[in-house]
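The values are calculated or read from the model by the stated rules, or taken from the named source; none is laboratory data. Given the structure is predicted, the values throughout are model-derived calculations rather than measurements. Neighbour counts run over all protein chains shown; Cβ positions are idealised from the backbone, glycine included.
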Amino acid sequence: MSCDMVLLAVMHLEPHGGVADQMTTLAAHLPQYGIQPIVVVRNPLAAQHGYVGYLHQRGIAVWAVSDRQRHFAVGLFRWLALCLLPVALVDSIFRRKSLTAARGSLWGLLRRMGYWGLDGLFLLRLFWAYYARRVRVVHFRKPDSWYLMPRAARLGYRVVYTEDTEPRPETEKYYLGLVCVKEHIHTFTAVSRASGDHLQRYIGANRQVVIIPNMVEPPSEPESISVLHQPFVVGFIGRLDPQKNVGMLLMAAKHFLDGEVRLSLFGDGPLRETLEAQALALGIVDKVHFAGAFAREQLPQVMAQIDLLVLPSLWEGFGVVLVEAMAYGKPCVATAVGGIPEVVVDGVTGFLVPPDEPLALAEAVTCIRRDFQTYTQFAKAAKVRFWTNYVPDCVAPQYGKLYGN
């Protein structure tokens with residue numbers, strides 16, 4: 001059965017979400033291969049994000065909750081909360097929890113009602129797309145949408161699911177849900193063999209997982225790799241949270257920072273104050289720049305400010321920022337976890353180090369900085385690897401073939 005239309009389901013269109021980036025880029029390039037995508041978004045604030053404007057400029061339809069629908073859902077939620085507030089108070093007192101913390105109580109149930117309303121609107125869009133627009137394929141990319149997949153399959157959709165991370169204890173419940181509905185999912189894909197292996201543990205060895213990597217738009221004006229900053233700038237780009245393991249990077253920085261090297265951290269997160277205090281305690285606060293969050297369209301300017309990218313994560317399904325750095329000809333030093341070794345070729349485009357050895361990370365950074373020949377070799381190899389594997393013209397056709405089979 002051929003396919004010329006596909007629904008790309010995005011539950012949360014976050015300003016800096018990897019899923020949003022990938023689904024948006026995929027949607028923009030699918031029409032080149034005879035497939036017209038419709039991006040359907042559950043969360044009500046999607047229309048305020050730059051992704052929507054980007055897609056509209058390219059003629060891609062985006063179905064999101066309108067302001068009118070959002071106000072109706074919020075009003076209904078407030079009315080229900082007002083009616084049942086006395087019961088919620090008694091329930092909260094009985095469990096000895098505050099109302100905001102009682103997620104497992106009746107109050108938590110009331111908070112979920114708003115999402116139930118959004119799920120209902122989402123399913124109505126699936127119904128409309130199937131019967132009015134003759135769409136036959138829907139693509140999900142987050143395990144927290146598992147409960148919507150069997151409903152889409154019962155409507156007649158062929159359901160595609162993509163795994164792009166490694167399951168964590170806090171997301172285990174979603175994968176258990178995925179196990180319950182795996183028979184309704186026609187095709188499983190993963191962005192790396194590591195992610196695919198983790199997914200296979202839940203769905204069984206008898207189900208095939210197709211490996212299709214993430215994609216990154218090539219820069220419009222690639223930076224020259226022959227000019228380095230003085231001082232040399234080691235950069236980190238990402239959220240300042242436990243996963244990214246920035247504390248280990250700061251411990252390594254104590255060994256590689258000197259008058260000729262600086263460290264810039266681009267991004268924000270819950271650990272920023274802790275990391276600032278750690279930099280102060282290590283005596284390197286004057287050589288570490290906490291640049292804060294930035295808009296996605298500012299990525300070229302951010303990449304122009306660094307010479308080398310470091311990603312010290314404890315776990316990663318893929319590591320899109322590594323590919324973004326490769327697109328700009330930046331060597332990478334990263335931890336050998338998850339799907340990262342499938343992106344960074346050790347000794348070719350950068351170095352891989354263990355996630356708990358700051359000295360190894362410091363030595364890798366120092367090796368690249370002090371040897372310009374090694375730096376240029378890694379930078380050139382990174383660009384070649386990017387253009388060979390991760391541009392949309394390489395990745396989007398794989399999804400086009402998958403939808404069209």
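Among the residues of region 139-163, count how many are within 14 Å of the chain's Cα centre (by Cα), of a type in the set (S, T, N, Q) and assigned to a helix (DSSP H, G or I).
0
Look through A47, A132, A81 and report the one residue that is at pLDDT below 90, more than 29 Å from L199 (Cβ to Cβ) and either outside the structural domain of E183 (by TED's automatic domain parsing) or touching a Cys at 6+ places or on another chain (Cβ under 8 Å) (or both).
Going through A47, A132, A81 in turn, the sole match is A81.
Listed residues E172, E166, E221, E217; which is among the acidic types (D, E) and either under 30 Å from D286 (Cβ atoms) or part of a helix (DSSP H, G or I) (or both)?
None of the other options fit; the residue is E172.
Being within 21 Å of P218 (Cα to Cα), modelled with pLDDT of 95 or more and crowded, with 17+ Cβ neighbours inside 10 Å, is that true of even one residue in region 272-288?
Looking through region 272-288, none of the residues is within 21 Å of P218 (Cα to Cα), modelled with pLDDT of 95 or more and crowded, with 17+ Cβ neighbours inside 10 Å.
For Q230, are the conditions met, namely being in a loop (DSSP other than H, G, I, E, B) and among the polar types (S, T, N, Q)?
yes
Given the criterion closer than 23 Å to A132 by Cα and not assigned by TED's automatic domain parsing to the domain that holds I340, identify the matching residue among R168, R193, R154.
Of R168, R193, R154, the one residue that is closer than 23 Å to A132 by Cα and not assigned by TED's automatic domain parsing to the domain that holds I340 is R154.
Please tell me if Q32 is modelled with pLDDT of 75 or more, surrounded by fewer than 19 Cβ atoms within 10 Å (Cβ to Cβ) and polar (S, T, N, Q).
Criteria met by Q32.
Quick one: would you say L299 is within 20 Å of M215 (Cα to Cα) and either of a type outside the set (G, A, S) or in contact with a Pro (Cβ under 8 Å, 6 or more places away or on another chain) (or both)?
Taking the combined requirement at face value, the residue satisfies it.
Here is a yes/no grid of residues against (1) of a type in the set (A, V, I, L, M, F, W, C); (2) touching a Phe, Trp or Tyr at 6+ places or on another chain (Cβ under 6 Å):
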residue: V310; (1), (2): yes, yes
residue: L322; (1), (2): yes, no
residue: G329; (1), (2): no, no
residue: P341; (1), (2): no, no
residue: P354; (1), (2): no, no
residue: A360; (1), (2): yes, no
residue: I368; (1), (2): yes, yes
residue: F372; (1), (2): yes, no
residue: A381; (1), (2): yes, no
